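Trainee: Just dropping this structure here.
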Amino acid sequence: MKNKCIKLEYQDAEPIAMEYFLENSGLDTDVENHKILLSEGLHVLENCKPGIDIAAVIMPLEPDAFHNSTIYMEKSKYTCTAFHQISPRQVVKIYAYLLSVGECRSITNNQAEQYYADLWANGFLEAGRQILREKIYQYIEDIGIEEYYISHSFGPGCYGMPFYKLSDMLEEIDGSIIGIKVVRKIELPNNRFSGGFFFVTSEEGELPSEECRNCIGHEGGCMFCGGKNLIPTRETCLELLESHGTPPHVIRHCMAVCDTAVRIGKALVEKGVILDLPLLEAASLLHDIARVEENHGVKGALIAERHGYHQVAKLIKCHMFYAMDPNKEKITELDLLCLADRMVREDEYVGLDDRMQYVMDKLVAAGVNTERFLHRIEENRLMKERIEKIIGKSIDDLMA
């Protein structure tokens, strides 16, 4: 089979994209306070829908393209931590692909809508990857292979493969037939199209699971990479803030938010709550690295991703518009980052009430509808009370 263009149907992708959107936005359809936010997210989807056009190009590669834990294409080569666990003897076929969702973007400059549009774009990309994998199952059946397994997608941004390798894939596969244009690496968008590889193997073997995709390696190492999770130290975070040109007053704010979040985190850990404190510290320090830029949560996440800090990037991306659910089973690092950010004004801990009143006054003065913000205040207040009940003291006393 030569390069093949595949059109994917919107109606097949939407349920998967919806699941992704709900999971990554933190919105819960059963939580009353989230219904307004969810309606806004669905409104953004309706605006994005005319531009969504999901299509893929797949290129078959022979088994001998994979050796030394590396895929060799005509102009470039690709490897990642997971490839070391794939035996070349088991490889039956490899399918390289480019996948586009078209123009899935906000039609306004509203930051919340831009954030929702970004989530939808990534949701449809994830849907496209899942559907494309099922399509490849059909092609394998057509060529008569009796026993086989198709891996989940490996590719730029997954399992430790750098994002910039996506631009190399554009040199190997003609993406223009599905609307992808070659751009300079520094400008390469990763939220409207993606690329990667599916391995067809004679048996499943010990391929990493789908849950490992966004991981660079467990903090204690694992059987697939044996390495350390790529979470930057405090010193590395401060160096990154400086090198990116983050203003001094924003750096001081990040440090104050970090101090607040980590103190709360340590108090919870002492009471038996499981949290990744290094992740919390790094994400808190870097959460506003791009604050002087438009849509700074998404821009900051891209900076972290380019350095390989994928778990940190996920928290940075969500911190601006994350819908907290104080009644969910587990308190997360993202909950603490967002709560701490809403307790610090500039570089000083002032508590939730003071900080929220400050923001409310600004919104009222600007004539902004505050209904959504009032819901957000209530979510944070309930989370604060839940934490205080666990640690046995007020957060104000903890920070004193």
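The values are calculated or read from the model by the stated rules, or taken from the named source; none is laboratory data. Quick caveat, the model's predicted, so the values are computed rather than measured. Because the Cβ atoms are built from the backbone with ideal geometry, glycine has one as well, and the counts that use them run over all protein chains shown.
Trainee: Which condition from (1) in a helix (DSSP H, G or I); (2) under 28 Å from the mean Cα position of the chain (by Cα); (3) closer than 20 Å to VAL250 by Cα is the one that PHE373 breaks?
Mentor: It fails just one condition, (3).
Trainee: Oh, and also: Tell me which residues, restricted to the range 135-155, are in a loop (DSSP other than H, G, I, E, B) and touching a residue at least 40 places away in the same chain (Cβ under 8 Å).
Mentor: So in the range 135-155, the residues in a loop (DSSP other than H, G, I, E, B) come out as 143-148, 151-153, 155.
Matches in the range 135-155: ILE143, ILE145, GLU147, TYR148, SER151, HIS152, SER153, GLY155.
Trainee: Spot the failing condition for ALA340; the list is (1) among the small types (Gly, Ala, Ser); (2) crowded, with 21+ Cβ neighbours inside 10 Å; (3) assigned to a loop (DSSP other than H, G, I, E, B), and only one is missed.
Mentor: With (1) among the small types (Gly, Ala, Ser); (2) crowded, with 21+ Cβ neighbours inside 10 Å; (3) assigned to a loop (DSSP other than H, G, I, E, B) applied to ALA340, the lone miss is (3).
Trainee: Hey, another quick one. Would you call ALA323 of a type in the set (A, V, I, L, M) and either in contact with a His (Cβ under 6 Å, 6 or more places away or on another chain) or farther than 22 Å from VAL250 by Cβ (or both)?
Mentor: yes
Trainee: Right, next: May I ask you to list the residues in the range 68-92 that are part of a strand (DSSP E or B) and over 17 Å from MET161 (Cβ atoms)?
Mentor: Within the range 68-92, the subset part of a strand (DSSP E or B) is 70-72, 77-78, 91-92.
Listed by number, the residues that qualify are VAL91, VAL92.
Trainee: If ASP325 meets every condition in (1) surrounded by fewer than 17 Cβ atoms within 10 Å (Cβ to Cβ); (2) among the charged types (D, E, K, R); (3) part of a loop (DSSP other than H, G, I, E, B) apart from one, which number is that one?
Mentor: The failed condition is (1).
Trainee: Where the second residue is of a type in the set (D, E, K, R) and in a loop (DSSP other than H, G, I, E, B) and the first is closer than 14 Å to GLU379 by Cα and lies in the range 306-326, which pairs have Cβ atoms under 6 Å and are six or more apart or on separate chains?
Mentor: Close Cβ pairs satisfying both conditions: ASP325/ASP28.
Trainee: May I pose another question? Going residue by residue through the range 94-112, is there one that turns out to be assigned to a helix (DSSP H, G or I) and touching a strand residue (DSSP E or B) at 6+ places or on another chain (Cβ under 7 Å)?
Mentor: no
Trainee: Restricting the first residue to the range 118-134 and requiring it to be within 16 Å of CYS48 (Cα to Cα), which pairs with a second residue that is polar (S, T, N, Q) and in a helix (DSSP H, G or I) meet a Cβ separation below 6 Å and a spacing of at least six or different chains?
Mentor: LEU119/ASN24; LEU119/SER25
Trainee: Taking the range 357-397 as the region of interest, how many residues are surrounded by fewer than 17 Cβ atoms within 10 Å (Cβ to Cβ), touching a residue at least 60 places away in the same chain (Cβ under 8 Å) and of a type in the set (A, V, I, L, M, F, W, C)?
Mentor: Total meeting the criteria: 1.
Trainee: Tell me which residues, restricted to the range 64-79, are closer than 16 Å to TYR97 by Cα, touching a strand residue (DSSP E or B) at 6+ places or on another chain (Cβ under 6 Å) and either surrounded by fewer than 18 Cβ atoms within 10 Å (Cβ to Cβ) or among the polar types (S, T, N, Q) (or both).
Mentor: Matches in the range 64-79: LYS77, THR79.
Trainee: Could you run through the range 283-316 and say how many residues are buried (at least 23 other Cβ atoms within 10 Å of the Cβ), assigned to a loop (DSSP other than H, G, I, E, B) and modelled with pLDDT under 90?
Mentor: Residues that pass the stated criteria total 1.
Trainee: In the range 20-42, which residues are touching a residue at least 40 places away in the same chain (Cβ under 8 Å) and either within 18 Å of the chain's Cα centre (by Cα) or over 18 Å from ASN122 (Cβ atoms) (or both)?
Mentor: Filtering the range 20-42 for residues touching a residue at least 40 places away in the same chain (Cβ under 8 Å) gives 20-21, 24-28, 31, 33-34, 36-37, 40-41.
Listed by number, the residues that qualify are TYR20, PHE21, ASN24, SER25, GLY26, LEU27, ASP28, VAL31, ASN33, HIS34, ILE36, GLY41.
Trainee: Select from the range 226-267 the residues that are basic (Lys, Arg) and touching a helix residue (DSSP H, G or I) at 6+ places or on another chain (Cβ under 8 Å) and list them in ascending order.
Mentor: Hits for the range 226-267 are ARG234, ARG263, LYS266.
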